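Since every read-out is calculated from the coordinates, none of them should be taken as a lab result. This is a predicted model, so every value here is computed, not measured. Glycine gets a Cβ as well: all are built from the backbone with ideal geometry, and neighbour counts include every protein chain shown.
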Amino acid sequence: MNVKKSSFDVGWQQKYKDLITTADKAVERIKPGHRVFVGTACAEPVELIDALTKRAGELSDVEIVQLLTKGDAPYIDKKFSHSFSINSFFIGSTIRDAIQQGLGDYTPISLSDIPRIFSSGQLPIDAALIQVTPPDSRGKVSLGVSVDIIKSAIENASLVIALINPSMPRTFGDCYLDIYDLDFLIPVDRPILEVKLEEPSPEARSIGEYISALVDDRSTIEFGIGEIPHSLICFLKSKKDLGIHTEMLTDSVIDLIESGAVTGLRKTLDRGKIVTSFCMGTQRLYDYIDNNPLFSFRPTEYVNDTYIIGRQHQMVAINTALEIDLTGQVCADSLGAKFYSGIGGQVDFNRGAARSHRGKAIIAIESTAQNGTISRIVSRLTSGAGVVTTRGDVHYVATEHGVAYLHGKSIQERALALISIAHPDFREQLFKEALDAKYIREDFADIKGRFILDSQEMKTSMLLDDGTLIHFRPIHLTDESKMKDILYALSQETLYYRFMTHCHHLGHEQVRNFVYIDHRKDVAMVGTLPAAHGEEIIAIGRYYLDSKTNRAEVAFIIRDEWQGHGIGSFLFKHLITIAKRNGISGFTAEVLRNNKKMQSVLLKSGFEVKSYLEEGVYSFQIDF
């Protein structure tokens, strides 16, 4: 006998025989005009649905209410339209075509609000069809893999019919019902529905890697639905003391837990517990959560409560989108006027994470759709598209081309930031459309045609001895304020060594020219660290090509507190790699006599170096 079955009352069927019946007899209690709730996701009570569908000829105007189902939905068939109608809070793949054909209805609502419309009587429930574990010796059953809105539906339903399945994992948390809260019991013994994760696309993995840089040790994480949030997990295994507070779990969480990255010991609430409301996975996951006190399955009223989420320090919420416009409006539930999924918990977690101490609210989106032919970042949302996260609520946006931070930014700053992480094939068009829409000032028009191509080859990273990871990327136009921050933070000595002047001012025109440049002739790279407002620039490196000599003048600056860590040497070598790839013959540099650090970097380049001193300035020539 396995551990799970030993938790059950082996004599339960005899003890509660007066409640036991068949699926066919139980659903006879459902009458025309009833509103029937169906259990969520992999806890879908398949036998009860089949039995109800068989009664189609006897029923009319039965409304099926559901959140998300993973099994078949036979009641959605057009031939049953007079018997059943569907009202779904989230559109899954099994009903998507039917909804888009007008054979069902969709109620757009945040998950946290659904229990309230049940309990208030706004959406009264006549019957709830669910699936639970067998009762234990105290007469308690567990809702197993799905608690979410099921618990509220049960509490507000006049009739509760339950499949009793020993294959249902016994989970812990606020997920128990008394056996006498159930009106009919139908014993079944079959595997729970499974959902296997597909291998993430290269784009999803790249997005996951970008997001991982935003996740600090001791953060608590929410993983939204989709491959992007879960592609992140393999990049989090080196993190320390992570916590999890999320509406949904999949198999991938097991590897993250077993890597040692998840302890929950630093969570502000539910310390040491992984809090969730439902899971979708394979038998591996179901065996893992079964009788496992590490997991706490709780209703949506708690898990998706914005106040609860916001109390969790360093809360990181990762949710996905279908489309985002240049002002920051996020569409996540429709493709134009065609409803595709749902609001789900995106608004709940986005707002909760935003109010959390050192929290981060992240929207993840692949930059293109339909095999790269359509940009998901657009100047205006597709006609009919609905806004799930408003432009005022959006914080981070991540694509496979980088991360943009929008909160508190002007429309121009937002547009430029989003263009910089759009697919390179669409940046020129987006820039033109932004100009036409007056999102960007007209004086930027002359930079058309000089967009940076933020290729992976130009990006790199450096791990310092103390574990600090520095990312290097081409500079963006949206770095203007960060450029000012680093310049004003420089000591007088560093400033003089770099610019041979004590002037801190960096003009608007200079910043523009840092970004929209010919990347064979001029390259500008920055070294960045994650920061609460997006990221912080701690290093800048640049070269300027003299076409007549095919050599480029090189220069870089490192913030004073980060000097002495080898960052300058690393950045210099990276600039050499880029220059050699572009067919440049070598570098030149002008260095003050007293700037020993810069001289050391140049002399240790590993290439032939020539230099001469004139009026206190060394002129260097480095041949590749």
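Under 5 Å from the amide H of GLY345 lie the amide H atoms of LEU111, each residue being 5 or more positions distant or on a separate chain, with H modelled from the backbone and absent for Pro and chain starts. Taking the C-alpha atoms only, the angle from helix 567-581 to the longest principal axis of the chain is near 90 degrees. Spatial offset of the range 304-369 relative to the range 558-616 amounts to 44 Å, using the alpha carbon center of each. Modelled spin-label separation between SER569 and GLU258, with each label point placed 7 Å from Cα along the Cα-to-Cβ direction: 4.0 nm.
Neighbours of ALA321 by Cβ distance under 11 Å: Lys/Arg scored +1, Asp/Glu scored -1, total -3.
Here the dipole of the range 3-187 is about 340 debye; that uses its Cα centre as origin and unit charges on the Cβ of Lys and Arg (positive) and Asp and Glu (negative).
Report which label in (i) 1.15; (ii) 1.37; (iii) 1.02 holds the value of Cα Rg over 2.2 N^0.38 Å derived from the coordinates of this structure. Identified label for the calculated read-out: (i).
Specify whether the C-alpha gyration tensor of the range 521-623 places it in the rounded, prolate or oblate class, a ≥ b ≥ c being the square roots of the eigenvalues: rounded for a/c under 1.5, otherwise prolate if a/b is larger than b/c and oblate if not. Don't skip to the end; give the middle numbers.
On the way: a/c = 2.12, a/b = 1.36, b/c = 1.56.
Oblate, because a/c is 1.5 or more while a/b does not exceed b/c.
Adding -39500 (n - 2.57) for every DSSP H run of four residues or longer, then dividing by how many residues the chain holds, sets the calculated 222 nm ellipticity at -7000 deg cm²/dmol. Exceedance of the 20 Å cut-off in Cα-Cα distance is limited, within the set LYS54/LYS338; LYS25/LYS151; LYS580/LYS604; LYS239/LYS267; LYS54/LYS196, to LYS54/LYS338; LYS25/LYS151; LYS54/LYS196. Along the axis of the charge dipole computed for the chain (Cβ charges of +1 for Lys and Arg, -1 for Asp and Glu, origin at the Cα centre), the listed residues SER619, ILE343, THR94 are led at the positive end by SER619.
Less than 13 Å Cβ to Cβ from VAL330, Lys/Arg counted +1 and Asp/Glu -1: what total charge do the surrounding residues give? Local charge sum for VAL330: 0.
For a straight C-alpha distance cut-off of 13 angstrom, the aspartates and glutamates reachable from LYS237 (same-chain residues fewer than eight places away being disregarded) are GLU209, ASP216, ASP217, ASP255, GLU258. In a reduced charge model with +1 at each Lys and Arg Cβ and -1 at each Asp and Glu Cβ, the range 202-447 shows a dipole moment near 720 debye about its Cα centre. With everything on Cα atoms, drop me the angle between helix 480-489 and the longest principal axis of the chain, reported from 0 to 90° to the nearest 10. Long axis of 480-489 versus the principal axis of the chain: about 60 degrees. Would you mind checking the tilt of helix 424-436 against the longest principal axis of the Cα atoms of the chain, expressed as 0 to 90 degrees and rounded to 10? The angle comes out near 90 degrees. Qualifying GluC sites (Glu not before Pro) in the range 198-233, where qualification requires a DSSP coil assignment and no more than 12 other C-beta atoms within 10 Å, comprise GLU198. Shown for PHE426, PHE349: other C-beta atoms within 10 Å of each C-beta, ranked fewest to most, produce the order PHE426, PHE349. A straight line joining the Cα centroids of the range 119-154 and the range 4-37 runs 12 Å.
Quote the charge dipole size of the chain about the Cα centre in Debye, to the nearest 20; the model charges only the Cβ of Lys and Arg (+1) and of Asp and Glu (-1).
Details: 69 positive and 80 negative charges, 183 e Å.
Approximately 880 debye in magnitude.
Counting only residues at least eight positions apart within a chain, or on another chain, the aspartates and glutamates with an alpha carbon under 18 Å from that of LYS78 are ASP50, GLU58, ASP61, GLU63, ASP97, ASP105. Which residue, GLN599, LEU48, LEU59, has the largest displacement toward the positive end of the dipole of the chain when charges sit on each Cβ (Lys, Arg +1; Asp, Glu -1)? It is GLN599. In plain terms, the residue of SER146, SER88 with the fewest other Cβ atoms within 10 Å comes first and the most crowded comes last, giving SER88, SER146.
Using the Cα coordinates of the range 3-187, the gyration tensor eigenvalues translate into equivalent-ellipsoid semi-axes of 27, 18, 15 Å, sorted from longest to shortest. Extending 7 Å from Cα along the Cβ direction at ASP465 and again at LEU269 yields two label points whose distance is 4.3 nm.
Compute the signed sum of charges (Lys and Arg +1, Asp and Glu -1) over the other residues within less than 15 Å, Cβ to Cβ, of SER356.
Numbers: positive: ARG218, ARG266, LYS267, ARG311, ARG351, ARG355, ARG358, LYS360; negative: ASP216, GLU222, ASP270, ASP305, ASP348, ASP393.
Result for the local shell: +2.
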